[in-house]
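Quick note: the coordinates plus some simple rules give every number you see, no bench work behind them. Keep in mind that what you see is a predicted model, and the values were worked out from it rather than measured. Cβ coordinates were reconstructed from backbone atoms using ideal geometry, including for glycine residues, and neighbour counts include every protein chain displayed.
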Amino acid sequence: MHEIPRRLLDFVAPDDLFDSILVVDSVEYLPELRQRFPDAKIFVVTDDEDAPDQFSALDVDFRILDFRAERLPFDENFFDAIIGDLTLELVTNPQDIAAGFASYIKQTGFWLTSFRNVRHWSIIQRLMHGNFGAIATRLFAKSEFERLCYASFYKEVRMMPIVRRAKDDLVERLSDCGFENINDDLQTEFWLVRAARSMAELSLLKSMYSESIRAELSKLIRRIEYDVELERSVESFWALYDRENFFVEYVAQFIRMTVVHLDRFFQRLSVHSSRAEIVELRRAVEEFEFDD
């Protein structure tokens with residue numbers, strides 16, 4: 001089987017800021033990661049005992065272990081990103097590994113990985129010739145890997161194809177035989193994956209204030225919406241608003257992502273408050289709704 005091109009960092013955006021990164025086996029990414037994130041704490045888990053000597057100049061913390069068989073020696077919610085190609089190709093229970101990685105990633109972070117497409121023409125060709133030769137290898141179709149990620153606590157999954165085209169008319173013949181080729185899937189040898197713990201909008205919300213502050217804001221918004229000790233909840237809402245110096249767009253986005261009954265929420269918020277920010281919040285929420 002062909003080696004995968006090392007292109008996972010194509011999925012790292014210019015505005016991604018990493019304080020802590022875990023690399024799983026794919027040590028080839030270390031030089032570029034250190035160059036792009038000079039102040040980040042970079043950790044590696046690998047069973048290659050020679051790897052630390054090869055990258056001794058990069059200030060990387062190596063842990064020599066088999067991630068498939070051993071629990072990772074890190075705190076939960078610690079990493080901004082976990083990076084590693086083909087991490088599920090040789091595992092017994094892929095969902096256990098995927099969900100395990102999720103537990104180590106911050107709510108604003110993501111997992112960068114890849115998988116070999118079981119529907120690539122080269123795989124099908126080997127099967128046609130009775131010469132697959134990869135009994136221990138776990139391959140995936142795109143839809144199957146997406147389902148696995150969503151079942152493993154990731155909220156948003158994006159994929160990028162790496163294409164290797166057939167040199168003859170094999171793909172056309174496969175299509176004629178009934179193989180679907182949506183988005184040129186039969187020519188896609190690998191899929192790169194960015195699986196995020198939160199949807200992009202929620203990730204932004206979670207990055208701006210601490211978890212305890214977000215939890216308090218969310219609780220007060222829900223208490224107002226459902227008329228729980230309304231006067232006290234409204235007072236506490238504005239006290240938090242002033243104490244944390246919230247800006248209108250932030251709270252509006254939070255309301256949009258939290259509240260089910262917007263009319264009810266704003267009506268109850270207005271009962272015990274006449275602050276000008278109420279009108280601004282409602283306008284901002286409606287603008288977000290219009291953008292959708």
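Sorting Asp80, Asp176 by the number of Cβ atoms found within 10 Å of their own Cβ, with the fewest placed first, yields Asp176, Asp80.
Karplus-derived 3J(HN,Hα) values for the stretch 12-18, using 6.51 cos²θ - 1.76 cosθ + 1.60 with θ = phi - 60°, are 8, 7, x, 9, 6, 10, 10 Hz; glycine and proline are entered as x. Placing R0 at 41 angstrom, the Cβ-Cβ distance between Glu28 and Glu244 gives a FRET efficiency of 0.45 after rounding to 0.05. The C-alpha atoms of the chain define a longest principal axis, and helix 230-243 lies at about 70 degrees to it. For the stretch 1-121, the calculated P(r) over all alpha carbon pairs, in 5 Å bins from 0 to the bin holding the longest distance, is 2, 10, 22, 24, 22, 13, 5, 1, 0 percent. Bridging of Lys106 to lysines at a Cα separation below 18 Å is possible for Lys41, Lys155, Lys206, once same-chain residues fewer than 8 apart are set aside.
Using the reciprocal of the averaged 1/r over all distinct C-alpha pairs, how large is the Kirkwood radius of the stretch 1-45 in Å? Evaluated over the stretch 1-45, this radius sits at 11.4 Å. Between the beta carbons of Val163 and Ala13, assuming R0 = 30 Å, the FRET efficiency works out to 0.85 to the nearest 0.05. Phi-derived couplings, Karplus 6.51 cos²θ - 1.76 cosθ + 1.60 at θ = phi - 60°, listed residue by residue for the stretch 169-182: 9, 4, 4, 4, 5, 5, 4, 5, 7, x, 6, 5, 9, 5 Hz, with x used for Gly and Pro.
The share of C-alpha pairs in the stretch 103-155 whose separation exceeds 14 Å stands at 64 percent.
With a Förster radius of 22 Å applied to the beta-carbon distance between His272 and Arg214, the computed FRET efficiency rounds to 0.40. Note on Phe55, Phe140: ascending count of other Cβ atoms within 10 Å places them as Phe55, Phe140, the fewest first. Electrostatic bookkeeping for Ser270 treats Lys and Arg as +1 and Asp and Glu as -1; over the other residues with beta carbon under 12 Å from its beta carbon, the sum is +2. Modelled this way, with points 7 Å down the Cα-to-C-beta line, the labels at Glu280 and Asp61 are 4.2 nm from one another.
A P(r) calculated from all alpha carbon pairs of the stretch 209-291, with 10 Å bins opening at zero, reads 18, 60, 22, 0 percent. Residues whose amide H falls under 5 Å from that of Phe62, counting only those 5 or more places apart or on a different chain, are Val44, with hydrogens built in the peptide plane. In vacuum, with every alpha carbon of the stretch 8-201 counted as one equal point scatterer, what does the Debye formula give for log10 I(q)/I(0) at q = 0.14 Å⁻¹? Two decimals, please. Reported log10 I(q)/I(0), two decimals: -0.84. Each residue of the stretch 145-151 was assigned a 3J(HN,Hα) from its phi angle through the Karplus curve 6.51 cos²θ - 1.76 cosθ + 1.60 (θ = phi - 60°); the sequence is 5, 4, 4, 4, 5, 5, 6 Hz, with glycine and proline shown as x.
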